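Structure record follows, encoded as structure tokens.
The values are calculated or read from the model by the stated rules, or taken from the named source; none is laboratory data. Here the structure is a predicted model, which is why all the values come from computation and not from measurement. Every residue, glycine as well, gets a Cβ built from its backbone with ideal geometry; the counts of neighbours run over all protein chains shown. Accessible surface is based on the protein model in full, side chains and every heavy atom, while ligands, DNA and RNA are left aside. Shrake-Rupley method; radii C 1.70, N 1.55, O 1.52, S 1.80 Å.
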Amino acid sequence: MLRENQRRFKFDWITIILFLVLVAFGYVNILSASHVGEITNYLDMSQPYGKQTIFIGLTFILIGLILSLEAKFYERFASIIYIIAILSLLGLFIFGKDVNGARSWYGIGSMTIQPSEFAKFATALAVAKYISDLQTNMTTLKDQVRVAAIIFTPAILILLQNDAGSTIVYLAFFFVFYREGLQQVYLVVALALIVLAILALKYGLIVTTIIATIILLARYFMRKKKRASIIQYILVLGISLGFAYGVKLFYEHGLKPHQQNRISLWLRLEKDPAKLERMKKAEAYNLIQSEQAISSGRTYGKGFLQGTRTTGKFVPEQHTDYIFSTVGEEWGFIGSSLVVILFVALIVRVLYLAESQKSQFSRVYGYGVASILFVHFTINTGMVMGLIPTVGIPLPFFSYGGSGLWGFAILLFIFIKLDSNKINEW
């Protein structure tokens, strides 16, 4: 076998080019969404696009560092990287800075760093390290509980910092587990719980009870093979109704008013026209403006820096979570479709490379990368178009912010480094 300094590396340039195109197009849209008047200095640090220019420059330095390290470094030190990420999240409870009601940032002068963005790749490394261990068997409950603890530890810490959007991303690892042998019953249960939650909120407990009973009875009588005891079906029904009641209770007493209003608007729960109008002005203002900006772009868009709703600052924080509305207005359906195609191509490419890995660690990590990108992309674009409730979650490589850009770059380029080393593995 070749020694480290003699090893050959083959970087996947398709993935790298997709990354570069997404970052470049993202910067163009941040420029549109944040400029004020004539642009005379692209390094104007008083404007988001000026800061993003610096962030992008530092990203390339970071990428160079990632690719210069030995590929085995990431597997060898995955546990240490994960522990550092957990400690950085714990430190926020003491040294964190409140921004928009969330204690998720460290303040460094005029800049802020968000550890949750880096915890994603650290968790992906830790999950890959644990699953690839020879003693791990993902079909056993013991290992399932342990790997779930790896994921839910940072997720819970982030949730306690009032950052529900970043917490949701950790559900992405469910796809990784499924690929690595998790039983199909978990997928069925997860989908059933989602449906139960929506039914309970939309139609109430009585209708939910009737529907659940009908489904279980149909399942019982249609089963051709040996039927389970009717007691088991009654137990499943009881657990389902208990879960539905818990969801209803949590919605009414556990969520904050603005969170309730977002879900209410999404599921169209409010019947009072006057209250509904007030909710739209308060909680759905960003969404309404985003939808109007996207629809105004029509087929070909209004052109770069020509979006009237973008330049008029109708969409608050448009350069961050609502950056896709800028794409819709200035580049239209064609530009929006191109962005979707680029993201899909990147995710599919990562999955393709993950399947070609000789190392289980690299394969699991690759699936983690693809899953995180998929969840971010799906939730963000769905959010700005009103298809899912509004949550604070950035669009990878597009949304403004150094922490997000660096976190996603590290996430992706660690995998690119691992993939480049597969020609040296047996």
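Looking at the chain as a GNM with Cα springs under 10 Å, which of Leu346, Leu159, Leu87 has the largest mean-square fluctuation?
Result for the chain, Cα springs under 10 Å: Leu87 fluctuates most.
Working only with C-alpha atoms, what are the Rg and Dmax values of the range 298-426, expressed in angstrom?
16.9, 58
Taking only C-alpha pairs under 8 Å that are 6+ residues apart, what is the relative contact order of the range 130-227 in percent?
Relative contact order of the range 130-227: 17 percent.
Explain nothing, just the number: dipole magnitude of the chain about its Cα centre with +1 on each Lys and Arg Cβ and -1 on each Asp and Glu Cβ, in debye rounded to the nearest 20.
That gives the chain a dipole magnitude of about 1360 debye.
On the first, second and third principal axes, largest extent first, how far apart are the outermost C-alpha atoms of the chain in Å?
For the chain, the Cα spread along each principal axis is 69, 67, 46 Å.
Multiplying the sequence separation of Glu317 and Ser79 by 0.36 nm and subtracting their Cα-Cα distance, what value in nm do you get?
82.1 nm
Given 10 Å bins starting at zero, what is the percent of C-alpha pairs of the range 331-399 in each, up to the one with the largest pair distance?
Taking every Cα pair in the range 331-399, the percentages come to 20, 43, 27, 10, 0.
Any idea what the relative contact order of the range 348-426 is, in percent, if you count C-alpha pairs under 8 Å spaced at least 6 apart?
Relative CO of the range 348-426 lands at 32 percent.
R0 = 35 Å: FRET efficiency of Ile263 with Tyr220, Cβ-based, nearest 0.05?
0.60
Roughly how many debye, to the nearest 20, is the charge dipole of the range 94-221 about its Cα centre, given +1 on each Lys and Arg Cβ, -1 on each Asp and Glu Cβ, and no other charges?
160 debye
In square angstrom, what is the accessible area per residue of the chain with a 1.4 angstrom probe?
Per-residue value: 51 Å².
Highest GNM mean-square fluctuation, the chain, Cα pairs closer than 10 Å: which of Glu330, Glu317, Glu117?
Checking each option, the largest mean-square fluctuation is seen for Glu317.
Taking the simple approach of a point 7 Å from Cα along Cα-to-Cβ for both Tyr106 and Leu87, what is their distance in nm?
Calculated label separation equals 1.1 nm.
So if I average 1/r over every pair of distinct C-alpha atoms in the range 105-192 and take the inverse, what Kirkwood radius in Å does that give?
Averaging 1/r across every pair of different Cα atoms and inverting gives 14.3 Å.
Compute the orientation-averaged projected area for the range 12-101 from the convex hull of its Cα atoms and round it to one decimal in nm².
Its average projected convex-hull area is 8.8 nm².
For Ile423 and Ile288, calculate 0.36 nm times their separation in residues minus their Cα-Cα distance, and state this gained length in nm to one decimal.
43.6 nm
Given charges of +1 on the Cβ of Lys and Arg and -1 on the Cβ of Asp and Glu, with all other atoms neutral, how large is the dipole of the range 305-393 about its Cα centre, in debye to the nearest 20?
The calculated dipole for the range 305-393 is roughly 260 debye.
What do you get for trypsin sites (Lys or Arg not before Pro) in the range 202-265 restricted to DSSP loop and a cutoff of at most 13 other Cβ within 10 Å of the site's Cβ?
Sparse-neighbourhood loop trypsin sites (Lys or Arg not before Pro): Arg223, Lys224, Lys225, Lys226, Arg227.
Can you give me the C-alpha center-to-center distance between the range 344-358 and the range 101-141, rounded to a whole angstrom?
Going from one Cα centre to the other spans 21 Å.
Quick check: pseudo-label points 7 Å beyond the Cα along Cα→Cβ at Gln184 and Ser295, how many nm apart are they?
4.2 nm
Remind me, relative contact order of the chain in percent, using alpha carbon pairs under 8 angstrom and six or more residues apart?
27 percent
Considering only Ser296, Gly242, Phe333, whose Cα is most displaced toward the positive end of the charge dipole of the range 238-358, charges sitting on Cβ of Lys, Arg (+1) and Asp, Glu (-1)?
Gly242
Just read off the accessible area of Trp406 with the full protein assembly in place, 1.4 Å probe, to the nearest 10 Å².
The value for Trp406 is about 40 Å².
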